[in-house]
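Structure record follows, encoded as structure tokens.
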Amino acid sequence: MADVRYRPGNYGIDAPNVVRSLILLGIGCLVLGVASFYVFPERLHWLGAAIGTVLSLSFLILLAESLYMVWSSKVGKYRMRETLLHFINLRGDELLLDAGCGRGLVLNAAARRLTTGKAYGIDIWNKQDQSGNEPEVTKENARLEGVAERVEVLNGDMRAIPFPDGHFDAVISSLAVHNISNREERRRALGEMMRVLKPGGRLAILDFQNVREYADALRELEALDVQIFGPYWSMFPPVRIVAGRKK
Ligand SMILES: C[S@@+](CC[C@H](N)C(=O)[O-])C[C@H]1O[C@@H](n2cnc3c(N)ncnc32)[C@H](O)[C@@H]1O
């Protein structure tokens with residue numbers, strides 16, 4: 001297992017809008033909760049106290065959720081990238097694709113396990129899915145992790161992967177497929193991942209939702225040994241991994 005304390009680079013916050021909304025909603029609950037203790041007339045004081053207590057507890061829960069999400073992006077995800085890579089068991093000479101690589105957290109960890117191989121990351125660089133999401137940041141993170149010469153970053157949509165059939169030994173994807181809102185489009189992305197894999201190539205997808213759907217789709221696409229692992233609580237929401245290989 002690689003040293004998870006080794007963490008140069010800046011990998012941003014996942015779903016920054018969700019984190020922001022949770023914090024704002026929490027602050028709203030706190031303000032209304034405190035107000036509830038004072039605005040009700042004397043005879044309805046019990047009601048104000050009940051509402052105030054519920055809203056104050058909601059504030060604590062929302063604050064805890066937002067902190068857990070930030071912790072996931074900053075700490076938990078470093079653990080999960082090693083867990084995800086464990087499922088594709090790299091020798092060092094492979095060509096690997098990270099579909100939806102974002103700022104390169106998993107891509108760079110994969111590249112650190114390569115000697116003669118190369119890690120390719122494709123993304124559409126959506127800033128709502130990851131803060132400060134751009135290819136220059138990903139390349140800079142690869143440089144900071146000392147793997148720049150083994151990493152290549154491209155613009156590319158995982159629903160139309162810009163590589164020929166059977167090009168990669170391994171395909172990974174972390175917290176990216178759920179960003180495709182349409183089920184058919186998600187299936188198309190999984191079909192593309194299978195298409196670019198060599199026969200016998202390994203695939204591992206980490207996500208916090210739809211994982212059973214991915215496993216079913218991969219079996220329909222004739223992937224072998226498809227299995228779901230997790231949940232893993234190093235992240236919030238907790239994540240699962242679906243792993244398999246091409247026939
Ligand atoms: C939450 S971020 C995760 C990034 C990175 N995999 C990680 O684990 O840190 C999700 C990423 O998926 C990318 N993404 C969303 N839809 C995509 C698509 N159709 N094709 C390629 N990338 C996509 C987003 O731009 C974003 O970089």
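The values are calculated or read from the model by the stated rules, or taken from the named source; none is laboratory data. These numbers were taken from a predicted model, which means no experiment stands behind them. Using ideal geometry, Cβ is built from the backbone for each residue, glycine included, and neighbour counts are taken over all protein chains shown. Side chains are part of the model used for accessible areas, which takes the heavy atoms of the whole protein and leaves out ligands, DNA and RNA. Shrake-Rupley method; radii C 1.70, N 1.55, O 1.52, S 1.80 Å.
For the reader, a short list of remarks on this structure follows.
- Hits in the range 70-105 (condition: open to solvent by 20 Å² or more (accessible area, probe 1.4 Å) and farther than 24 Å from ALA189 by Cβ): VAL70, TRP71, LYS74, VAL75, ARG79, ARG91, ASP93
- Inter-residue pairs, beta-carbon under 6 Å, first in contact (Cβ under 8 Å) with a residue 24 or more places away in the chain and under 18 Å from GLU65 (Cβ atoms) and in the range 24-36, second surrounded by 14 or more Cβ atoms within 10 Å (Cβ to Cβ) and charged (D, E, K, R), 6+ apart: none
- Criterion: touching a Phe, Trp or Tyr at 6+ places or on another chain (Cβ under 9 Å) and touching a residue at least 24 places away in the same chain (Cβ under 8 Å) - qualifying residue of ARG186, ARG245: ARG186
- Residue list for the range 125-145, restricted to those being surrounded by 15 or more Cβ atoms within 10 Å (Cβ to Cβ) and over 20 Å from PRO8 (Cα atoms): TRP125, ASP129
- Top-ranked residue in the range 152-165 [being closer than 19 Å to ARG202 by Cα and open to solvent by less than 50 Å² (accessible area, probe 1.4 Å); ranked as farthest from the ligand (Cβ to nearest atom)]: PHE163
- Count - residues of the range 106-119 that are over 17 Å from the mean Cα position of the chain (by Cα) and open to solvent by less than 50 Å² (accessible area, probe 1.4 Å): 4
- Residue within the range 166-184 that is among the basic types (Lys, Arg), touching a strand residue (DSSP E or B) at 6+ places or on another chain (Cβ under 6 Å) and away from the ligand (no atom under 13 Å from the Cβ) present: no
- GLU222 vs. criteria free of Cβ contacts under 8 Å to residues at least 24 places away in the same chain, open to solvent by 20 Å² or more (accessible area, probe 1.4 Å), more than 11 Å from the ligand (Cβ to nearest atom) and acidic (Asp, Glu): no
- Residues of the range 142-154 satisfying the condition of being in contact with a Lys or Arg (Cβ under 6 Å, 6 or more places away or on another chain) and either of a type in the set (Asp, Glu) or not in a loop (DSSP other than H, G, I, E, B) (or both): ARG150, VAL153
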